[in-house]
Each structure stands twice: as C-alpha cells, then as structure tokens.
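Colleague: Below is the structure I would like to discuss, written out as structure tokens.
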C-alpha cells in the first residue's frame, strides 16, 4: 500500500510542477503584452507600396501618419482622407515635398490633417518616375 501511495504522490508532484511552470510562463507572456490586441499597426489593410511607421491621433481633428516610401521613386499627386478631407504632406518633416519633388526609396512621408474619429480612409495618388504611370494606394486607419 505504501508503494502505491508513494507512486501516486510522485505522479501528482511531477505533473503539479509542470502545470505550475506553464502557468508562470503564460503569466509572464501576458504581463509582457504578448496577448494584447492594442497597439501595433492601426490600419487594416495597410498601404501596399508604403511602409507604416507611426500614427498619432493626439490632436483633435488633426491625426498625423508617418510612412516610408517603397522601392520606387515617385511623385505624389494627391492625398485624400475620407470622410475628413484636407490631408496634406507635412513639408517640414517629410523628405517628399508636397506634390512636387521626387520621393526616392526609403524617404519619410508625414501626412497631417487626418480625421481622428471613426475609420479614416487615406488614399495616396502618385506617379512612378521610371514608368510615368499613375497609381493609387489606399489604407484605412482605425480610430477609437
């Protein structure tokens, strides 16, 4: 009888420690925010030709979106924000001057005046310098 009791106790202790370790690991991952859905990229779907860098809706009615240009040199022709209009490139922070200069690969684009309530659809119309063809790229920013 003593042998069976000892065997049962060893079984419980072994699996007890294993379960305790799993609980500690899951708690550590949770505290690091691994399971959090907040943060990250607030756009879905994001732009296909521009890399998302950051977005801030801190100023009421004046969201700011920062992107990086993709592999092509482009000329941006228009930027629109729906339902709020008036989105513009911030010339003081962008290497891609508003609707004028060539925007080379890897250069920053900062877009101001994006609405900060509800979903905002941002559309960037541009011309690829190498081909001269017009393109359009769209993303939806999700505001709380």
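The values are calculated or read from the model by the stated rules, or taken from the named source; none is laboratory data. All figures in this text were calculated on a predicted structure; none of them were measured in a lab. Every residue, glycine as well, gets a Cβ built from its backbone with ideal geometry; the counts of neighbours run over all protein chains shown.
Colleague: Among the residues that make up region 93-103, is at least one of them within 15 Å of residue 66 (Cβ to Cβ), modelled with pLDDT of 80 or more, in contact with a strand residue (DSSP E or B) (Cβ under 8 Å, 6 or more places away or on another chain) and assigned to a strand (DSSP E or B)?
Modeller: Yes, there is a match, as at least one residue in region 93-103 is within 15 Å of residue 66 (Cβ to Cβ), modelled with pLDDT of 80 or more, in contact with a strand residue (DSSP E or B) (Cβ under 8 Å, 6 or more places away or on another chain) and assigned to a strand (DSSP E or B).
Colleague: Quick check on region 110-134: of everything there that is over 21 Å from residue 83 (Cα atoms) and in a strand (DSSP E or B), which residue is modelled with the highest pLDDT? If you could, list the steps in order and put the result at the bottom.
Modeller: Filtering region 110-134 for residues over 21 Å from residue 83 (Cα atoms) gives 127-134.
The next check asks that each one be in a strand (DSSP E or B); those that pass are 127-128, 134.
Details: 127: 88, 128: 89, 134: 92.
That would be 134.
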